[in-house]
Amino acid sequence: MLININPILSPDLLSTLHSMGHGDTIVLADANFPSSSLSKKLIRLDGVDIPSAAKAILSVFPLDSFIEYPVRRMEIDNKPEEINDIQHDFIEAVKSTAGERWKISSMERFKFYEETKKAYAVISTTDARAYGCFMLTKGVIKPDGSVW
């Protein structure tokens, strides 16, 4: 056991997040996302919803301050500006855990699939709400432990 580490963060997930470098991306995916077929590395978080996974990951994962959009969401088909319940919950998790300053962009579903193939890892949850798929880009931690 470790102190102050969210129990959602399994040893495999922690190792993966730690191994990533600046600019690497992870995908946080809902239960319907084709995670197995699109991922280089798949980590399953069975029984975990998107907001809980996001809060756990962002408790240790620095977002990239060198790019405009370190957080991206999958667009709803034919409604790119619409934010559904799961996306709203995710955005609130980002704000409450990583802070208000992070900009979030969107990506068309099939473009999201293509970008997923380049991601360092896919973290698959069992959240069944539609369009609950997000990309996070890893940033830099300063010597004092703060995010750049």
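All of the numbers you see were taken from the coordinates with simple rules; none came from a lab. Quantities reported herein were computed from a predicted structural model and do not represent experimental measurements. Every residue, glycine as well, gets a Cβ built from its backbone with ideal geometry; the counts of neighbours run over all protein chains shown.
Scanning the stretch 77-86 finds one or more residues that are within 20 Å of Ser124 (Cβ to Cβ) and either under 14 Å from the mean Cα position of the chain (by Cα) or buried (at least 21 other Cβ atoms within 10 Å of the Cβ) (or both). If the condition is being out of contact with any helix residue (DSSP H, G or I) (no Cβ under 9 Å at 6 or more places or on another chain) and at negative phi, then the stretch 71-86 contributes Lys79, Pro80, Glu81, Glu82, Asn84, Asp85.
Taken over the stretch 24-64, the residue count meeting the criterion of being among the polar types (S, T, N, Q) and part of a loop (DSSP other than H, G, I, E, B) is 3. In the stretch 1-59, the qualifying residues are those that are acidic (Asp, Glu) and closer than 21 Å to Arg73 by Cβ, and the one that is surrounded by the most Cβ atoms within 10 Å (Cβ to Cβ) is Asp30.
Restricting attention to the stretch 60-76, the residues that are surrounded by 14 or more Cβ atoms within 10 Å (Cβ to Cβ), out of contact with any Lys or Arg (no Cβ under 8 Å at 6 or more places or on another chain) and aliphatic (A, V, I, L, M) total 2.
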